[in-house]
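Trainee: Mind looking over this structure? Questions follow.
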Amino acid sequence: MAQNFREQGGAATMDPSPLRRWVTSRMLNKLLDPERERKLLEEAEQERERSGAGHSGAGHVVDYFHQLDDPYSLLAAQCIGPLLAHYDIYMRWHLVPGPSGANLPEPELLSLLARKDAAAVAPFYRLACPPLVEPDGALLQRAQRIFAATPESGRVEAAEGLCSAVLTGNTALLDDLARRHGEASAADAEALLRAGAARRKELHHYAGAMFYYGGVWYWGVDRLYHLEQRLQALQTQRRPLAGCLYPRPPLRSGPHRDNGSLTLEFYASLRSPYTALIFDTVVDWAKAVGVRLDLRPVLPMVMRGVAASRDKGVYIFNDAGREARALGVPLGPFYDPIGEPVRRCYSLLPVADAAGKRAELMSSFLRAAFVEGRNTGRKSVLRLVAERAGLSWREASAQLGKPGWEETLEANRQAMYAFNCWGVPGFRLLDADGSTLATAWGQDRLWFIAEVLQRTLAAHNQPVASADLPPPFPHSR
């Protein structure tokens with residue numbers, strides 16, 4: 001069914017026809033369906049057992065796509081040795097270039113964000129990430145030649161070392177790795193890159209630091225807990241394990257609580273599945289820890305000209321569904337609100353702001369579109385959205401469709417771009433003076449904002465009694 005979705009188009013137009021909106025919604029709903037995932041995993045295991053293929057006992061072959069100028073590949077490479085030591089798996093290596101075209105909408109921002117983000121989260125996964133610099137093209141090409149010459153037995157060590165050398169500009173480390181592993185010709189390195197890119201495309205992906213096992217993609221260290229849980233369910237551990245080697249860090253809500261002096265800017269859009277699955281959690285968490293929440297809506301990326309490929313759209317919805325299930329929050333059924341429904345809801349912001357109900361309005365719309373599968377293009381559904389948010393429909397209907405909200409959303413977009421973020425959900429934590437304490441992009445980075453908050457509050461010694469703490473994360477909306 002994912003293939004049918006790719007054929008019909010994964011990146012929605014700004015204002016699709018009613019038929020296209022309906023068809024797109026049906027296809028995306030199939031990606032969010034937990035029964036589809038269950039069947040996919042079951043069929044993959046049956047196929048593995050039938051084929052008997054693989055390099056270790058039961059034939060658990062994991063494909064890994066390594067990008068030598070990618071900070072996330074630097075972190076992922078450090079995980080492979082421990083994974084091989086603890087699980088009965090064989091790692092099949094693929095050298096790949098970075099994403100391009102519609103899969104790389106903001107290359108300069110991505111490069112800056114990836115270097116900063118990888119360095120920030122590495123310690124929480126017990127990984128190393130030295131200060132990183134913009135990769136040099138000549139160093140990258142040489143590193144690719146060295147990797148092409150490296151025998152399979154040396155690739156675990158070389159993958160991390162070559163990434164580190166490229167991302168830190170360490171020519172001495174490259175020289176050392178060349179002495180140990182050799183250096184292939186440029187033609188051989190290019191052939192290896194082409195083969196890796198072709199295999200990745202064949203499997204419908206576009207990025208580096210990607211693990212692929214039995215029909216499912218896992219991005220970097222952030223999604224390894226999904227892969228580990230799957231491998232553990234298949235009893236592939238070489239030795240007993242208490243949990244995962246690389247679990248998602250928990251979202252902390254204590255022991256310290258703010259008094260409203262700190263501000264969390266939350267950048268969100270009404271067509272983002274990642275926003276939908278984390279929105280209520282962010283609002284609840286901000287209240288629980290006492291920070292002031294500054295909710296800053298932006299237009300969805302495709303409504304402001306940021307391209308997205310079909311493969312990227314498929315992966316995002318597959319991944320969002322998986323993340324929602326892991327967090328215990330509902331996602332799906334879905335009815336695509338792209339275009340006019342989003343604009344009409346944003347036109348109600350003045351009414352919502354006057355009533356102090358901005359978060360309630362956005363939450364109600366996201367629930368209608370992403371959890372209840374309602375067609376938000378219908379006026380009756382927008383009335384339900386508004387009234388459920390606590391707004392007067394008489395006032396809301398008088399405002400519906402009027403301009404005047406666009407400038408606010410554009411200002412929010414510019415503020416988001418200023419800290420190297422172009423997608424949602426995005427976060428910026430500010431101190432009492434308005435200075436930035438931390439920034440992050442993605443629903444899987446709220447835990448990092450929480451860590452910075454707790455460390456900041458600890459420095460000011462603002463404890464909270466354990467009885468006042470909210471339920472542990474995850475919790476349902």
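The values are calculated or read from the model by the stated rules, or taken from the named source; none is laboratory data. Predicted model only: the values in this text are computed from it and were never measured. Every residue, glycine as well, gets a Cβ built from its backbone with ideal geometry; the counts of neighbours run over all protein chains shown.
Trainee: Do you know which residues across the stretch 390-411 are more than 14 Å from Arg343 (Cβ to Cβ) and touching a residue at least 24 places away in the same chain (Cβ under 8 Å)?
Mentor: Hits for the stretch 390-411 are Gly390, Leu391, Ser392, Glu395, Ala396.
Trainee: For Asp311, state whether it is among the acidic types (Asp, Glu) and either in a loop (DSSP other than H, G, I, E, B) or at pLDDT below 95 (or both).
Mentor: Against the criterion (among the acidic types (Asp, Glu) and either in a loop (DSSP other than H, G, I, E, B) or at pLDDT below 95 (or both)), Asp311 qualifies.
Trainee: From Gly161, Gly196, Gly208, Gly154, which residue is under 20 Å from Asp117 (Cα atoms) and part of a helix (DSSP H, G or I)?
Mentor: It is Gly161.
Trainee: Exactly one condition in (1) buried (at least 20 other Cβ atoms within 10 Å of the Cβ); (2) charged (D, E, K, R); (3) at pLDDT below 95 is false for Glu108; which is it?
Mentor: Unmet condition: (1).
Trainee: Checking Ala352 against (1) over 19 Å from Pro300 (Cα atoms); (2) aliphatic (A, V, I, L, M); (3) assigned to a helix (DSSP H, G or I); (4) within 20 Å of the chain's Cα centre (by Cα), which test does it fail?
Mentor: (4)
Trainee: Any chance the stretch 182-197 includes a residue that's polar (S, T, N, Q) and modelled with pLDDT under 95?
Mentor: no
Trainee: Go through the stretch 117-148 residue by residue and tally those that are without any contact (Cβ under 8 Å) to a residue 12 or more places away in the chain, assigned to a helix (DSSP H, G or I) and within 17 Å of Tyr72 (Cα to Cα).
Mentor: Residues in the stretch 117-148 being without any contact (Cβ under 8 Å) to a residue 12 or more places away in the chain, assigned to a helix (DSSP H, G or I) and within 17 Å of Tyr72 (Cα to Cα): 1 in total.
Trainee: Please determine whether any residue of the stretch 292-309 is touching a His at 6+ places or on another chain (Cβ under 6 Å) and farther than 30 Å from Ala398 by Cβ.
Mentor: no
Trainee: Further, regarding this structure: Of all residues in the stretch 1-29, which are within 22 Å of Tyr218 (Cα to Cα) and at pLDDT 90 or above?
Mentor: If the condition is that a residue be within 22 Å of Tyr218 (Cα to Cα) and at pLDDT 90 or above, then Met27, Leu28, Asn29 are the ones that fit.
Trainee: Something else now. Can you name every residue in the stretch 382-416 that is among the β-branched types (Val, Ile, Thr) and either in a loop (DSSP other than H, G, I, E, B) or surrounded by fewer than 20 Cβ atoms within 10 Å (Cβ to Cβ) (or both)?
Mentor: Thr408
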